[in-house]
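Here is the structure we will look at.
Bear in mind these aren't lab numbers, they're just calculated from the coordinates by the rules spelled out. As the structure is a computational prediction, the values presented were derived from the model and not from experiment. Neighbour counts are summed over all protein chains in view; Cβ atoms, including those assigned to glycine, are modelled from backbone coordinates with ideal geometry.
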Amino acid sequence: MFGQRRRGERGMWIECEAGGCILRTAISRLRTVHWMPRGAGALAAVVAISACDPGRGQEPGIAASVPVELVYQGAQCGEPEERAHVIASRAAWRAWREQQPSGTSDTAEFDFAQGRIVVIAMGQQRTAGYGLALGDDRARFVNGVLSISVTWHIPGPADIVPQVLTSPCMAVHVPVAAITAVDILKQ
């Protein structure tokens, strides 16, 4: 659960915890989640959203297509809310992975000097049948903002599913270290 919550304009708010801050925006039924290191504050969130802070080693305004590799997928991730967060160290990845009770996982070691792991959580759901999948095997990276296409699987009203609490999530590895924000593009 986040410690701080600050309201902004037009359905935007920032939630902060020890590891970082998330800027959330709600535009009709689509919610976009942005992550940034703690202490960056509301102004930095707006800067990251408006693409004024170029990523290290990248020309400002130049979009790059980067590969996305699924490294974990599970139905019981323990995340109560929809969110995305960036794991920037081997120790943090191991600690997060040890908290996961099940799921498929790539046990390979990653070079965190050259890349990051992004965890995308769907939040707590009241039935089975929910899940996440990569919408594309490539992501867009521009001015520090990583945009990942994710397919959200939601059971239909006629689907027969067990009534059980789930919290689906997935983790992906991207070969980009200068991530200042993450956009989740729902499909």
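Sorting Val172, Val164, Val71, Val66 from the fewest to the most surrounding beta carbons within 10 angstrom yields Val164, Val66, Val71, Val172. Eigen-decomposition of the gyration tensor built on the alpha-carbon atoms of the stretch 55-186 gives equivalent ellipsoid semi-axes of 27, 17, 11 angstrom, largest listed first. Under a 5 Å amide H cut-off, with hydrogens placed 1.01 Å from N, Thr151 pairs with Ala133, Leu134, Gly135, Gln187 among residues at least 5 apart or on other chains.
Residues whose amide H comes within less than 5 Å of that of Glu81, counting only those at least five positions distant or on another chain, are Gln124 (H built at 1.01 Å from N in the peptide plane). In order along the stretch 120-136, phi translates into HN-Hα couplings of 10, 10, 7, x, 6, 10, 8, 9, 6, x, 8, x, 10, 8, 5, x, 7 Hz, rounded to whole numbers, per the Karplus curve 6.51 cos²θ - 1.76 cosθ + 1.60 with θ = phi - 60° and x for Gly and Pro. Between amide H atoms placed 1.01 Å from N, distances below 5 Å from Ser167 occur with Gln76, Cys77, Gly78, Gln125, all of them 5 or more places distant or on a separate chain.
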